[in-house]
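These notes are about the structure you will find just below.
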Amino acid sequence: MRHVPVLAFLTGTLCVSIAFPLAGQITPSEYRDEFLRHFEQSSRKVISLAEAVPQDLYAWSPGEGVMPVSQVFMHIARYNYMYLETSLGIPAPNDLDQDALESISDKTRVRTLLQRSVDHVREHVGPMTDEEVAGSTVLYGRNVAGWAVLFQLLAHMNEHVGQSVSYARMNGIVPPWSTD
């Protein structure tokens, strides 16, 4: 971590130099590692919730025109692939039909494909270089650094983890990591 000396004049003749860390001065690899820590937590939650929800509730939706449980899980999986592919140039596996993901409703397939998308993110983000994490790319029509894509992927996942928790609780299912 970099430090910058800060001079503090305590009297007219006394000067003390104190080193404070520069805020926001992390390296791209430190950012990548922090992303992966948060991603692991969110991934464990969504996968454990996908396991806790019974198959008969995978078609449940809180209302007309609102994504059912299975589609929320598959939406997360789809975007785990999409953000890496469209903004970071990391292609999804050739045998995966991303456009069909959100129509899958079988619990075993949903759980498998969700896990596979998580593994894909881990496999490709973990070895990203500082240049790749900090490099310029496009996300939703804006020029951003690669780390902004990772930030968006995590924000997207967490939004839908929250949605899944709400769905589960509406159906009397307590999230496995929760105590109440």
- Query: Helix 107-125 versus the longest principal axis of the chain: what is the Cα-based angle in degrees, 0 to 90, to the nearest 10?
  - Reply: 20
- Taking Cα atoms only, helix 146-170 is inclined relative to the longest principal axis of the chain by an angle, in degrees rounded to 10, of 50
- Item | Cut-off under 5 Å, modelled amide H: who pairs with residue 90 long-range | 85
- Note on the structure: The percentage of Cα-Cα pairs in the stretch 73-119 separated by more than 11 Å is 63
- Message: In whole Hz and in residue order, list the ³J(HN,Hα) couplings for the stretch 36-45 that follow from phi through the Karplus curve 6.51 cos²θ - 1.76 cosθ + 1.60, θ = phi - 60°; x for Gly and Pro.
- Response: 5, 4, 5, 4, 4, 4, 5, 5, 4, 5
- Packing-based order for 49-55, 139-145, using average beta carbon neighbours within 10 Å, highest first: 49-55, 139-145
- Hey, can you grab everything whose amide H is under 5 Å from the amide H of residue 144? Only 5+ residues off in sequence or another chain; H modelled, so Pro and N-termini drop out. 137, 138, 139
- Can you sort 164, 70, 136 by how many other beta carbons sit within 10 Å, fewest first? 136, 164, 70
- Query: If you take the Cα Rg of the chain and divide it by 2.2 N^0.38 Å, with N the number of residues, what do you get?
  - Reply: 1.34
- Query: So what is the 222 nm mean residue ellipticity for the chain from helices alone, if each DSSP H run of at least 4 adds -39500 (n - 2.57) and you divide by all residues, rounding to the nearest 500 deg cm²/dmol?
  - Reply: -18000 deg cm²/dmol
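Taken together, the values in this text are just the output of simple stated rules run on the coordinates, not laboratory data. Bear in mind that the values here come from a model prediction, so they are computed numbers and not experimental data. Cβ coordinates were reconstructed from backbone atoms using ideal geometry, including for glycine residues, and neighbour counts include every protein chain displayed.
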